[in-house]
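The values are calculated or read from the model by the stated rules, or taken from the named source; none is laboratory data. Since the model is a prediction, treat every value here as computed from it, not as a measurement. Here the Cβ is made from the backbone with ideal geometry for all residues, glycine too, and neighbour counts use every protein chain on show.
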Amino acid sequence: MNKLKIPLQDDIQSLICKLPDVINCSIVCGGDDDIEEIHILASVGRNIKQLVRDIQSAINAKYNIAVDYKKISIAQINEAEFKEARVRIESIAVKNAGNMLEATVVLAYDDKIYEGRSSKVKSASNRVRAVAEAALAALEAYLCISGMLYLEGLERFKVSDKEVYVSLVGFSRDNTEEYLAGSSIIGIDENESVVKAVLAATNRKMNAAI
């Protein structure tokens, strides 16, 4: 029986995530540390059977572990269909907790909601950053990904007598990194403008194949 220890489990997950069209991966192990389930989130670029064979071959070639195809489950999404018009802001909340503040952003798509949270030390600059990071966490929940989007920067500018938020979002996957920029005119609700700036940045990336 093929045994799988935790460090090797992380290595295999990292290996699978390097395969073409794989977005994310999680491995479930049994009590005796053997692989029980492999769950994959992938784009619609390739046939599922071929992707399963690639996963089996990669694990066997590098770690000499044979995995039954029945243990591999794959969900595919069309990342190019992500558009701001289809994802709306449901709610934004910021609350104080001692010397900390917590931002919660809820996005909605059809009849489903996706929540993201971020906590930071209480300060004026951290408030808007917490809102932006909570929005990114909600986006990752919507896309079923984790640890790929992060806030590189958020700045406030004045353009032709209008206040504007400009966000710079980092996108990291498969040892590659990209930066996405978006902006939103600041309206009555400053927090909403922050979230819209984040959505504007990420929507431009999601409208093209990642």
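So the values come out like this:
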read-out: Answer residue from the range 98-129, given it is part of a helix (DSSP H, G or I) and under 12 Å from Val198 (Cβ atoms) and is nearest to the chain's Cα centre (by Cα) among those; value: Arg129
read-out: Identity of the residue in the range 63-80, modelled with pLDDT under 90 and assigned to a helix (DSSP H, G or I), that ends up surrounded by the most Cβ atoms within 10 Å (Cβ to Cβ); value: Glu79
read-out: Criterion violated by Asp21 - all others in (1) at negative phi; (2) modelled with pLDDT under 90 satisfied; value: (1)
read-out: Restricting the range 12-55 to residues that are in contact with a Cys (Cβ under 8 Å, 6 or more places away or on another chain) and of a type in the set (S, T, N, Q), the residue that is surrounded by the fewest Cβ atoms within 10 Å (Cβ to Cβ); value: Gln13
read-out: Unique match (being under 30 Å from Lys95 (Cα atoms) and modelled with pLDDT under 90) among Ala209, Ala201; value: Ala201
read-out: Flag if Gly153 is at pLDDT 85 or above, under 23 Å from Cys25 (Cα atoms) and either in contact with a strand residue (DSSP E or B) (Cβ under 9 Å, 6 or more places away or on another chain) or not assigned by TED's automatic domain parsing to the domain that holds Ala124 (or both); value: no
read-out: Sole exception among (1) at pLDDT 90 or above; (2) not polar (S, T, N, Q); (3) not in a helix (DSSP H, G or I) for Ala138, by number; value: (3)
